Amino acid sequence: MASKTTNPFVFLQQVRSETSKVTWPTRRETIISTIMVLIFSMLAMVFFFAADQIMGLAVELILNIGR
């Protein structure tokens with residue numbers, strides 16, 4: 001299997017050409033997306049904490065161990 005080598009200069013031209021085609025998000029879109037990620041992360045944290053507490057309590061009640 002022969003590997004095709006690319007001239008580094010040609011490669012950089014191709015990279016520059018491709019990055020110019022990218023639609024970059026605006027500052028406002030980036031901030032809104034970041035806030036949404038943080039909110040959903042906190043919701044997931046609360047959900048998994050509550051689920052862990054409920055399952056722990058259930059195991060304690062089933063096995064009659066605990067406090």
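Every number here is computed from the coordinates shown, using simple stated rules; none is lab data. Fair warning: this is a prediction, and the values are worked out from it, not measured in the lab. Note: ideal-geometry Cβ built from the backbone for every residue, glycine included; neighbour counts use all protein chains shown.
Can you give me the distance in nm between label points at Met45 and Val59, each placed 7 Å from the Cα along the Cα-to-Cβ direction?
With each label placed 7 Å out from Cα toward Cβ, I get 2.3 nm.
Tell me, what HN-Hα J-couplings in whole Hz come from the Karplus equation 6.51 cos²θ - 1.76 cosθ + 1.60 at θ = phi - 60° for each residue of segment 23-40, using x for Gly and Pro?
Result, ordered by residue: 8, 7, x, 6, 4, 4, 4, 5, 5, 4, 4, 5, 4, 4, 4, 5, 5, 5 Hz.
For segment 1-50, which trypsin sites (Lys or Arg not before Pro) pass both filters: DSSP loop (anything but H, G, I, E, B) and at most 10 other C-beta atoms within 10 Å?
Lys4, Lys21
Could you tell me how many degrees, from 0 to 90 and to the nearest 10, lie between the Cα long axis of helix 8-20 and the main elongation axis, the longest principal axis, of the Cα atoms of the chain?
60 degrees
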